[in-house]
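Beneath this line is the structure, given in C-alpha cells, with notes to follow.
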Amino acid sequence: MSDAPNALPQAGEPGTVAVTVDRPRREPTWVAPDQTGPMPRLRVKGLSHTYVDRVGRGVDAVRDISFDVIDKPGSGEVIVFLGPSGCGKSTILKAVAGLIAPTKGEVFLDGTPIEEPARDRGMVFQAYTSFGWLTVRENVEYGLKLHGVGGAERTKLSQKYLEEVGLADFAERYPKDLSGGMKQRVAIARTLINKPRVVLMDEPFGALDPQTRWGMQSLLLDVSRHEDNTTLFVTHDVSEAVYLADSVYVLSARPASILHRVDVPFFRSRDAGLKSTREFREVEEQLLDLLYSG
Ligand SMILES: Nc1ncnc2c1ncn2[C@@H]1O[C@H](COP(=O)(O)OP(=O)(O)OP(=O)(O)O)[C@@H](O)[C@H]1O
Ligand SMILES: [Mg+2]
C-alpha cells in the first residue's frame, strides 16, 4: 500500500533516479533473399500470421518473414531463432510444422507447399507433451509403431535413444514419475528416433540443468551431422545459439520479423573449452548487441 510507512519510493517520485540502458538502435541488416530461383530444402516466403480470437480481435504474431535453408550436402544445418519473449518464435515453427496455416505467405519443403503436419517434420514443443498413459519407452517408440516398425527393431532403436538422452533406467516408468527436464528428454528422443528431415525444436532445453543441457546440445549436433537434416531451433540463450547454430536469425519484438542474420564461424572442436574462447565470446557479444538494440 502506498501509504504504508515503509513503502519504497516508486520510479519517477522525488528521490528516485531513472536508470536507462542507452543502446543505439540499429537498423535491420537482413534483406530478404531473391526467392525466384530453384527451391532449396526449406523456403519460407513472406510468412505472416495473425491469430484471431473468438470475438474477432487479431494479434499479429509474425510479419513478412522470408528465408531459405539451402541443404549442405552430407551434413545437417542448424538455424537458430533468437528473439524476445512473445515475439512470435513458436508461431514460425508451428507454421513450418503445418500446425497453423499462414495468414499470408507460404512454406515449402523440398519444393512442396506445407499444408499439414507430416512425418518428414518432427517438433519438440516448448511445453512437455509426452503421452501420460504410455511408458517412457512406449512414448519414444510411438512414431515407429505408428509406421509399422517391428517390435525388435523398435526396442533396439528406443534403447539407443533412451541411452543417449540418459533415460534408459526410466524406460518402463510413466511420465508422471519424471521431472520436467526428463519429460522434455522423452520428447527429444521421441522426435529424433523418427529421423525427420526437418527437426523443429522450441526451447527444448530450457528446463534442463547446465550439465544435462550441454549433453543434449552435443547430442543434437551429432544427430544433425549424421542425419543430414535441417534443424530450426528456438532459444533465448545466446550462448546456446552460438554453440549450436550455423546461422542465427535475430527477430524483432512482436510481430516477429527478421532483423539480422549472423553466420556463426565454424568451430573446429565443440568441446567444453569452446565457450570460454575469445572467438566464441566475440560472436556471443555481437548477438547480444544485436538482440538488445533491435
Ligand atoms: N493460439 C493463440 N491465439 C491467440 N494468440 C496467440 C496464440 N498463440 C500465440 N498467440 C500470440 O502470438 C504472439 C506470439 O506468440 P508465440 O508463442 O509465437 O511467441 P514466442 O516468441 O514463442 O514467445 P515465448 O518466447 O514466450 O515462447 C503472442 O503475443 C501470443 O499472445
Ligand atoms: Mg514460444
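The values are calculated or read from the model by the stated rules, or taken from the named source; none is laboratory data. Only a predicted model underlies this, so the values are computations on that prediction, with no experimental measurement involved. Cβ coordinates were reconstructed from backbone atoms using ideal geometry, including for glycine residues, and neighbour counts include every protein chain displayed. Areas reflect the complete protein model, heavy atoms only, side chains present, ligands, DNA and RNA absent. Shrake-Rupley method; radii C 1.70, N 1.55, O 1.52, S 1.80 Å.
Can you give the three extents of the C-alpha atoms in the range 52-157 along their principal axes, from longest to shortest, in whole Å?
Computed over the Cα atoms, the extents are 49, 41, 26 Å.
For a quick check of understanding: with a 1.4 angstrom probe and all protein chains in place, what accessible area in square angstrom does residue 226 have, to the nearest ten?
150 Å²
Work out, step by step, the length gained on full extension between residue 54 and residue 149: first 0.36 nm times the residue separation, then minus their alpha carbon distance; give nm to one decimal.
Numbers: separation 95, 0.36 × 95 = 34.20 nm, distance 4.18 nm.
Value of the extension gain: 30.0 nm.
Of all the Cα-Cα pairs you can form in the chain, what percent are over 24 Å apart? It would help to have the intermediate numbers written out before the result.
On the way: 24326 of 43071 pairs.
Tail of P(r) above 24 Å: 56 percent of Cα pairs.
Keeping all protein chains in the complex and leaving out DNA, RNA and ligands, what accessible area do you get for residue 281 with a 1.4 Å probe, in Å² to the nearest 10?
Surface accessible to solvent at residue 281 totals approximately 110 Å².
What do you get for the angle between helix 278-292 and the principal long axis of the chain? Use alpha-carbon atoms, 0 to 90 degrees, nearest ten.
60 degrees
Using Cα-only point scatterers and the Debye equation, what is log10 of I(q)/I(0) for the range 128-195 at each q in 0.15, 0.22, 0.24, 0.26 Å⁻¹, rounded to two decimals?
For the range 128-195, the Cα-only Debye profile gives -0.37, -0.81, -0.98, -1.15.
Let me check something: with ligands and nucleic acids excluded, how do 249, 174 order by accessible area (1.4 Å probe), largest to smallest?
On the way: 249 5, 174 85 Å².
Highest to lowest solvent-accessible surface, that is 174, 249.
Considering the chain as a Gaussian network with a 10 Å cut-off on Cα pairs, which listed residue, 112, 91, 103, attains the greatest mean-square fluctuation?
It is 112.
Using a simple spin-label model with points 7 Å from Cα along the Cα→Cβ vector, what separation in nm is obtained for residue 174 and residue 110?
My value for the distance between the label points is 3.9 nm.
Return the single residue from 132, 180, 98 with maximal mean-square fluctuation; model: Gaussian network over the chain, springs between Cα atoms under 10 Å.
132
Under the definition of Cα pairs under 8 Å and six or more residues apart, what whole-number percent is the relative contact order of the chain?
On the way: 521 pairs, mean separation 74.0, N = 294.
Relative CO of the chain lands at 25 percent.
Compute the relative contact order of the range 103-178 as a whole-number percentage, counting only Cα pairs closer than 8 Å that sit 6 or more residues apart in sequence.
Details: 41 pairs, mean separation 26.0, N = 76.
After rounding, I find 34 percent.
Note down the accessible area of residue 227, probe 1.4 Å, to the nearest 10 Å².
Here the accessible area works out near 60 Å².
If each DSSP helix of 4+ residues adds -39,500 (n - 2.57) and the sum is divided by the residues in the chain, what number results at 222 nm, nearest 500 deg cm²/dmol?
Working: 7 runs with 87 residues, N = 294.
Helix-only estimate at 222 nm: -9500 deg cm²/dmol.
Just to be sure I follow the rule: in the range 128-195, considering lysines 8 or more places apart or on different chains, how many pairs have Cα atoms under 21 Å apart?
9
For the range 138-282, what's the radius of gyration and Dmax over Cα atoms, in angstrom?
16.6, 49
Rank 106, 240, 172 by accessible area, highest first, at a 1.4 Å probe radius? Please report the intermediate quantities before stating the final value.
On the way: 106 90, 240 0, 172 115 Å².
Putting 106, 240, 172 in descending order of accessible area: 172, 106, 240.
Give me the percent of DSSP beta bridges within the chain that run antiparallel, rounded to the nearest 5.
Details: 20 of 40 bridges.
Taking every DSSP beta bridge within the chain, about 50 percent pair in antiparallel fashion.
What angle, in degrees between 0 and 90 and rounded to the nearest 10, separates the Cα long axis of helix 136-146 from the longest principal axis of the Cα atoms of the chain?
70 degrees
Considering only protein heavy atoms, what per residue accessible area in square angstrom results for the chain with a 1.4 angstrom probe?
Working: 15480 Å² over 294 residues.
Here the residues of the chain average 53 Å² of exposed surface.
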